[in-house]
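Report on the following structure.
The values are calculated or read from the model by the stated rules, or taken from the named source; none is laboratory data. Since this is a predicted model, take the numbers as computed values, not measurements. Cβ placement follows ideal geometry from the backbone for every residue including glycine, while neighbour counts extend to all protein chains displayed.
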Amino acid sequence: MVFKALVVDIDGTITNHDRSLDLRVAKRFRELRVPVVLSTGNPLCYVHAAAKLIGLGGIVIAENGGVISTGFDKPSIIADGMEKCEEAYELLSNYFDLEKLDAAYRKTEVVLRRGMDISQLRQIVEDNGMKVEIIDTGYAVHIKDGNINKGTGLHTVAELMGIDTKEFLAIGDSCNDAEMMREAGLGIAVGNADDDARQAASMVTKASFGEGALEAIEYALSNGLLE
Ligand SMILES: O=C(O)COP(=O)(O)O
Ligand SMILES: [Mg+2]
């Protein structure tokens, strides 16, 4: 099968250790004949800026699927659920000293600086019957709607682009990429990927971070999976 598009995570996948963009990956993206969709847990303004600067299209997945942009300067599809994330945050604030990240820009998730034991956070929200999911991507802790993820986001994007989710090749590094990698036709995890991403992926590259993304793309090109 020749994939018609790529859906690619940002942090840990096309970045270096210090979160700077791996410029070799950006260059490679521009040389590909298929569209590349960025998919991230970061807010929309962040990923739109990244897509614009790399030279990619404005259809992107932000906030782990909570926000889908239909293009630059075009409307976004914004999921419900911020209220229950805020309620969970208020509750958890009684127990922990929490620091919100990018709060001014986020529409569907409450995101926190890492450093706490998230199993305790999960226990507290569960004991209080709150229907939110708490995940740690290795970059931030996200309080999110459990029914929304990069996989549901990929569905929406595939519809917008008029292709099937199985016609996407997905590359990622963390638990927040697992559903997206399962939903895509092929999921490749980079060498630094966490256990959830590894389990969801069909293969794991030897190299890590941007080097791993390059390896994934070279693998696809040399096996006729990409043009
Ligand atoms: O927002 C995060 O926690 C990580 O971002 P990512 O999805 O681009 O890796
Ligand atoms: Mg990532």
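Scan the stretch 130-157 for residues that are touching an Asp or Glu at 6+ places or on another chain (Cβ under 8 Å), farther than 24 Å from residue 59 by Cα and within 15 Å of ligand 2 (Cβ to nearest atom) and the total you get is 1. Is it true that some residue in the stretch 26-47 is crowded, with 22+ Cβ neighbours inside 10 Å, within 13 Å of residue 150 (Cβ to Cβ), in contact with a Lys or Arg (Cβ under 7 Å, 6 or more places away or on another chain) and in contact (Cβ under 8 Å) with a residue 40 or more places away in the chain? Within the stretch 26-47, one or more residues are crowded, with 22+ Cβ neighbours inside 10 Å, within 13 Å of residue 150 (Cβ to Cβ), in contact with a Lys or Arg (Cβ under 7 Å, 6 or more places away or on another chain) and in contact (Cβ under 8 Å) with a residue 40 or more places away in the chain. Against the numbered list (1) among the hydrophobic types (A, V, I, L, M, F, W, C); (2) surrounded by fewer than 23 Cβ atoms within 10 Å (Cβ to Cβ); (3) farther than 20 Å from residue 1 by Cβ, residue 161 comes up short only at (3). I'm trying to understand the selection: among the residues of the stretch 3-47, which are under 21 Å from residue 163 (Cβ atoms) and part of a loop (DSSP other than H, G, I, E, B)? If the condition is that a residue be under 21 Å from residue 163 (Cβ atoms) and part of a loop (DSSP other than H, G, I, E, B), then 3, 4, 32, 33, 34, 35, 40 are the ones that fit. For the stretch 163-204: of the residues being hydroxyl-bearing (Ser, Thr, Tyr) and more than 16 Å from ligand 1 (Cβ to nearest atom), which is farthest from residue 140 (Cα to Cα)? Once the filter is applied, the top-ranked residue is 165. Just one of (1) touching a Gly at 6+ places or on another chain (Cβ under 8 Å); (2) assigned to a loop (DSSP other than H, G, I, E, B); (3) in contact (Cβ under 8 Å) with a residue 40 or more places away in the chain fails for residue 61. It is (2). One residue stands out among those in the stretch 65-85 that are assigned to a helix (DSSP H, G or I) and out of contact with any strand residue (DSSP E or B) (no Cβ under 6 Å at 6 or more places or on another chain): the one that is surrounded by the most Cβ atoms within 10 Å (Cβ to Cβ), which is 65. Of all residue pairs spaced 6 or more apart or on separate chains, those with beta-carbon atoms under 9 Å, a first member in the stretch 140-162 that is within 14 Å of ligand 1 (Cβ to nearest atom) and a second member that is basic (Lys, Arg) are 140/113; 140/114; 141/113; 141/114; 143/84; 151/182. Scanning the stretch 118-127 for any residue that is within 19 Å of residue 48 (Cβ to Cβ) and over 15 Å from the mean Cα position of the chain (by Cα) turns up nothing. Checked against (1) within 11 Å of ligand 1 (Cβ to nearest atom); (2) of a type in the set (A, V, I, L, M); (3) part of a loop (DSSP other than H, G, I, E, B), residue 116 passes all but a single condition, namely (1). Being within 13 Å of ligand 1 (Cβ to nearest atom) and in contact with a helix residue (DSSP H, G or I) (Cβ under 7 Å, 6 or more places away or on another chain) is a property that residue 37 has.
Scanning the stretch 156-192 for residues that are hydrophobic (A, V, I, L, M, F, W, C), touching a Gly at 6+ places or on another chain (Cβ under 7 Å) and over 19 Å from residue 33 (Cα atoms) returns 180, 181, 189, 190.
Can you tell me which residue is surrounded by the most Cβ atoms within 10 Å (Cβ to Cβ) among those in the stretch 86-129 that are on the phi > 0 side of the Ramachandran plot and away from ligand 2 (no atom under 16 Å from the Cβ)? Checking each candidate, the answer is 115. The set of residues in the stretch 208-224 being among the small types (Gly, Ala, Ser) and either surrounded by fewer than 16 Cβ atoms within 10 Å (Cβ to Cβ) or at pLDDT below 95 (or both) consists of 222, 224.
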